[in-house]
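Colleague: The structure that follows is given in the form of structure tokens.
The values are calculated or read from the model by the stated rules, or taken from the named source; none is laboratory data. Please read all numbers here as calculations on a predicted model, not as lab measurements. Here the Cβ positions follow ideal geometry from the backbone for every residue, glycine too, while neighbour counts run over all protein chains shown.
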Amino acid sequence: MGRLKDLTGQRFSRLVVVKYAGSDNRGQTRWHCRCDCGTEKEIATRHLTSGGTKSCGLCNNKGGIIKGSEKRRKTRLYGIYCDMKKRCYNATSQDYHRYGGRGITVCEEWLNDFETFKVWAYANGYDDTKSIDRVDNDSLYAPENCRWGSKKLQANNTRRNRRITHDGLTLTLQEWSEKTGIGRSTLIYRLNSGWPIKKALTIR
């Protein structure tokens, strides 16, 4: 980069510089930046260092809530999209430690392209009663690892939900309860008391 001052890693208000992005057709040096709301964009050096640009321009100063007049920014789906990125990239988010803090990210295909996310959502069963859920809670938000589900599905998929394997079948305690007709609290008591799994799941 020669004598150019490297801004990588520096913070400018709500923006953190991720990497050098070259120069535009007017010769202005640009940097790839990430806003606290999770949005990424390229910004010229002079706009960063002068304080003229303090955020991505799409969020307010209270935690990345997207504003604007476009209809898409008022939809529930767009709110889900923004919250997904906020959990992964905004360290001030109350849920960051369970997502970005654990290394959970959003795939490049979705990260800066709501329309691509929207097309996937409606093609995979989204409606206003459902929320996005990751199949593997230790992996990223991506088409191959996400689905739309009810609160019950998400509850079954939470990292805190205990999974039990019996006869080659692995289910959550709630799912075993529904399958066997034995109360979930009863199963928890039995297992915590040292009952063998087979006995806990088969004795009425």
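Colleague: Checking residue 112 against (1) touching a residue at least 60 places away in the same chain (Cβ under 8 Å); (2) surrounded by 16 or more Cβ atoms within 10 Å (Cβ to Cβ), which single condition isn't satisfied?
Modeller: Here residue 112 clears every test but (2).
Colleague: Give the residues of the range 104-123 that are at pLDDT below 90 and part of a loop (DSSP other than H, G, I, E, B), sorted by residue number.
Modeller: 112, 113 - these are the residues of the range 104-123 that are at pLDDT below 90 and part of a loop (DSSP other than H, G, I, E, B).
Colleague: Pick from the range 19-53 the residues that are part of a strand (DSSP E or B) and exposed (fewer than 15 other Cβ atoms within 10 Å of the Cβ): which of them is farthest from the chain's Cα centre (by Cα)?
Modeller: As a first pass, look at the range 19-53 and keep what is part of a strand (DSSP E or B): 19-23, 29-35, 40-44.
Filter once more, so that each one left must be exposed (fewer than 15 other Cβ atoms within 10 Å of the Cβ): 19, 22-23, 42.
Working: 19: 22, 22: 29, 23: 31, 42: 22 Å.
Here the residue is 23.
Colleague: Looking only at residues that are exposed (fewer than 13 other Cβ atoms within 10 Å of the Cβ) and in contact with a strand residue (DSSP E or B) (Cβ under 8 Å, 6 or more places away or on another chain) in the range 125-141, which one is nearest to residue 99 (Cα to Cα)? Talk me through it step by step, then tell me what you get.
Modeller: Here is the first cut: in the range 125-141, the residues exposed (fewer than 13 other Cβ atoms within 10 Å of the Cβ) are 125, 127-129, 135-136, 138.
Among the residues that remain, those that are also in contact with a strand residue (DSSP E or B) (Cβ under 8 Å, 6 or more places away or on another chain) are: 125, 127, 135.
Values: 125: 24, 127: 24, 135: 14 Å.
Ranking the qualifying residues of the range 125-141, first place goes to 135.
Colleague: Among the numbered conditions (1) of a type in the set (A, V, I, L, M, F, W, C); (2) at pLDDT 85 or above; (3) closer than 25 Å to residue 36 by Cβ, tell me where residue 66 comes up short.
Modeller: Result: residue 66 passes all but (2).
Colleague: So, of the residues in the range 1-18 that are under 25 Å from the mean Cα position of the chain (by Cα) and over 24 Å from residue 109 (Cα atoms), which turns out to be surrounded by the most Cβ atoms within 10 Å (Cβ to Cβ)?
Modeller: 12
Colleague: Here is a follow-up. Step by step: first the residues of the range 124-163, then only those that are in a loop (DSSP other than H, G, I, E, B), at pLDDT 85 or above and of a type outside the set (Asp, Glu), then the one that is nearest to residue 89 (Cα to Cα). Which residue is that? Show your work before the answer.
Modeller: Let us first name the residues in the range 124-163 that are in a loop (DSSP other than H, G, I, E, B), namely 124-130, 135-140, 142, 150, 158-162.
Pick out the ones that are also at pLDDT 85 or above and you get 124-130, 139-140, 142.
So of that shortlist, the ones also of a type outside the set (Asp, Glu) come out as 124-126, 129-130, 139-140, 142.
Working: 124: 25, 125: 26, 126: 24, 129: 26, 130: 23, 139: 15, 140: 12, 142: 15 Å.
Among them, the one singled out is 140.
Colleague: Identify all residues within the range 187-204 that are loosely packed, with under 15 Cβ neighbours inside 10 Å and modelled with pLDDT of 85 or more; write none if there are none.
Modeller: Answer for the range 187-204, where residues must be loosely packed, with under 15 Cβ neighbours inside 10 Å and modelled with pLDDT of 85 or more: 194, 195, 196, 198, 199, 202, 203.
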